[in-house]
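Visitor: Okay, here's the structure, questions in a sec.
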Amino acid sequence: MASRNGKTADAASAATQSLKPALRKQVLAWRDALGAAERTSLSERITARVLELDACRKAACVMAYIGFGSEIDTARFVADILAQGKTLVLPRVEHGNRALKLFEVRDLENQLEAGVWGIRQPRADLCPEISAAQIEFVLVPGVAFTRRCERLGYGGGFYDRFIRGLVAQPALVAAAFALQVLPDLPTQETDQRVDLVVTEDGAYRAPGGRQ
């Protein structure tokens, strides 16, 4: 019976996994269809909401990312974090071991370089490495979310592994366009939720979340 249940669970997991690529493609197409001016305007509204969060205002060490492609423009967010004198942490993708390495960035103009997929990331030779235990707030990227704060990433599993490995409990917040919030997502045990999803229309809190 245990073996049969195991096979059933494996089949269900494989079926769930098979649904993700098409859903990613659809949501990314919706996001890509936003005009540049609209994307900028919505990004400003969402960023303002995130910066007003108590968890963000109180955090001394904030992890973020540099927006890429049709993602929300995070330029104002990271600049504001630095202007407030907070420690800004950005990830560097370690493609070989499929992990994120964390670095403190003080100079956005001179301490970043194009990394995997062209995403700007810290230069390891210019930025000090930071322990995840120091981080109090994490801005988490993603393709799609639900109002229950379930998350569909880009498929590499980098942030799922990062979140699973956290010992401390920083606030996990996703900034997304409203079009990225769906009624349901195909999720598996390895898929990690965030605590809060912030859009231009409002915010959604995870059941039992910290935010």
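Visitor: So which residue, out of Pro128, Pro170, Pro21, gets the largest mean-square fluctuation from a GNM of the chain using Cα contacts under 10 Å as springs?
Guide: In the Gaussian network model the winner is Pro21.
Visitor: So which residue, out of Val93, Val167, Val198, gets the largest mean-square fluctuation from a GNM of the chain using Cα contacts under 10 Å as springs?
Guide: Ranking Val93, Val167, Val198 by mean-square fluctuation puts Val167 first.
Visitor: Further question on the same structure: Just want the ordering: Cys61, Cys56, from fewest to most Cβ atoms lying within 10 Å of their own Cβ.
Guide: With the fewest neighbours first, Cys61, Cys56 line up as Cys61, Cys56.
Visitor: Which ³J(HN,Hα) values in Hz, rounded to whole numbers, follow from the phi angles of the range 184-198 under the Karplus curve 6.51 cos²θ - 1.76 cosθ + 1.60, where θ = phi - 60° and Gly and Pro get x?
Guide: For the range 184-198, the Karplus-derived couplings read 8, 9, x, 10, 10, 4, 6, 7, 9, 7, 9, 7, 8, 10, 10 Hz, x marking Gly and Pro.
Visitor: Within a 10 angstrom radius of the beta carbon, how do Ser70, Ser18, Ser41 rank from fewest other beta carbons to most?
Guide: Listed from fewest to most nearby Cβ atoms, that is Ser18, Ser41, Ser70.
Visitor: Let me have the relative contact order for the range 51-155, percent, based on Cα pairs under 8 Å that are six or more residues apart.
Guide: 27
Visitor: So what's the back-of-envelope 222 nm ellipticity for the chain, counting only DSSP H runs of four-plus at -39500 (n - 2.57) apiece and dividing by all residues, rounded to 500?
Guide: Value at 222 nm, helices only, nearest 500: -10500 deg cm²/dmol.
Visitor: Amide H to amide H under 5 Å from Ala99: which residues, 5+ apart in sequence or cross-chain, H placed 1.01 Å off N in plane?
Guide: Glu94
Visitor: Next question. Compute the acute angle (0 to 90°) between the alpha-carbon long axis of helix 2-32 and the principal axis of greatest extent of the alpha-carbon atoms of the chain; round to the nearest 10°.
Guide: 40
Visitor: I would also like to ask the following. Can you give me the Cα centroid spacing of the range 49-120 and the range 149-168 in angstrom?
Guide: About 16 Å separates the Cα centre of the range 49-120 from the one of the range 149-168.
Visitor: Here is a further query. Contact order normalised by length for the range 19-99, with contacts defined as Cα pairs under 8 Å and 6 or more residues apart; what percent is it?
Guide: Once normalised by length, the contact order is 28 percent.
Visitor: Under a point-charge model restricted to the Cβ atoms of Lys and Arg (+1) and Asp and Glu (-1), what is the dipole moment magnitude of the range 2-205 relative to its Cα centre, in debye to the nearest 20? Can you show the working numbers first?
Guide: Details: 26 positive and 25 negative charges, 114 e Å.
Once rounded to the nearest 20, the dipole reads 540 debye.
Visitor: Still on this structure: Using 0.36 nm per residue of separation minus the Cα-Cα distance, give me the extension gain between Arg205 and Gln17 in nm, one decimal.
Guide: The span from Arg205 to Gln17 would gain 65.2 nm if fully extended.
Visitor: If you don't mind, there's one more thing I want to ask. For Val181, enumerate residues with amide H under 5 Å from its amide H, sequence gap 5+ or separate chain, H modeled in the peptide plane.
Guide: The answer is Phe145.
Visitor: Right, next: Which residue fluctuates most in the GNM of the chain (Cα springs below 10 Å): Ala171, Ala99, Ala144?
Guide: Of Ala171, Ala99, Ala144, the most mobile in the Gaussian network model is Ala99.
Visitor: Let me have the relative contact order for the chain, percent, based on Cα pairs under 8 Å that are six or more residues apart.
Guide: 21
Visitor: On to the next question. Can you list the HN-Hα couplings for the range 48-64, worked out from phi with the Karplus curve (6.51, -1.76, 1.60; θ = phi - 60°), rounded to whole Hz and with x for Gly and Pro?
Guide: In residue order, the calculated couplings are 4, 5, 5, 5, 7, 4, 4, 4, 6, 5, 7, 6, 8, 10, 10, 9, 9 Hz.
Only the coordinates and a few stated rules stand behind these numbers; no lab work does. All values derive from a computational prediction rather than experimental measurement. Counting neighbours? That spans all protein chains shown, and the Cβs are built from the backbone with ideal geometry, glycine included.
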